[in-house]
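Following: one structure in structure tokens, then a few remarks.
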Amino acid sequence: MKIIVSKIPKEGIEIHSSVDATGLNIDSSDFILNDNVHIDALINKDGDIFFVDGSIKTVIQVTCSRCAMDFPYPVYTVFHCHEEPVSSANKDMDMALKRGDMDVDHYAGDEVEINNLFREQLILAVPMYPLCRPDCPGLCLICGHNLNNGNCGCKKEDADNPFAVIKKLFE
Ligand SMILES: [Zn+2]
Ligand SMILES: [Zn+2]
């Protein structure tokens, strides 16, 4: 969805949309969407600066960082973006560095593909180390069994012993 910055009306632009992976340019190597991405946003303008306040809701498929199982992860994120033209980038960068915040983004030209901003916000909301549940026991260090499916019978002491894996290879 393209936004012409100079044509944003005084009352702003309201967005209520439901976009699929292609619409947001989400690659399956990023993550898999289990649902459309529901976007609600309001775009306001002050001179050549525009602001986007909104929320994104969807369900993505992620892989547990402990047990390597895929599971659905509901995403709900609320964001406030502040977009300034590239021409003021250097000046702002100095100010942002001084203030210690880097929340200011920059756009080039008058025409902005607003879905890129939504895409970025969604990616920011994806956890780096997702867990299928907070106390996921992960995989057995000795035999690789998924401990969510019950115990494998390996002895805990074996896991602490660096020679256990080698010993296992000869069994
Ligand atoms: Zn897990
Ligand atoms: Zn085991």
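What follows is calculated from the coordinates using simple rules that are stated; it is not laboratory data. This structure is a prediction, so every number in the text was calculated from the model and none was measured. Note that each Cβ is placed from the backbone with ideal geometry, even for glycine, and that neighbours are counted across all protein chains shown.
So between S87 and D35, what do we pick up on full extension, going 0.36 nm a residue minus the alpha carbon distance?
This chain segment gains 14.9 nm when fully extended.
Using θ = phi - 60° and the Karplus relation 6.51 cos²θ - 1.76 cosθ + 1.60, list the HN-Hα couplings for the range 17-25 in order, rounded to whole Hz, with x at every Gly or Pro.
With the stated coefficients, the range 17-25 comes to 9, 10, 10, 8, 4, 5, x, 9, 6 Hz.
Quick query: amide H of H106 versus all other amide H atoms, modeled in the peptide plane; which residues come in under 5 Å with a sequence gap of 5 or more or a different chain?
Correct list: E84.
Want the number for E120 to T77: 0.36 nm per residue separation, take away the alpha-carbon distance, what's left?
Taking 0.36 nm per residue and subtracting the Cα distance, the gain is 14.3 nm.
Send over the semi-axes of the range 2-136's equivalent ellipsoid, whole angstrom and largest first, taken as the square roots of 5 times the C-alpha gyration tensor eigenvalues.
31, 18, 12
Below 9 angstrom from the Cβ of L117, what's the summed charge of the other residues (Lys, Arg +1; Asp, Glu -1)? Present the calculation step by step, with values, prior to reporting the outcome.
On the way: positive: R119; negative: E83, D105, E113, E120.
Local net charge: -3.
Which cross-chain or sequence-distant (5 or more) residues have an amide H under 5 Å from the amide H of I60, H modelled 1.01 Å from N in plane?
Counting only residues 5 or more places away or on other chains, the set is N34, Y73, V75.
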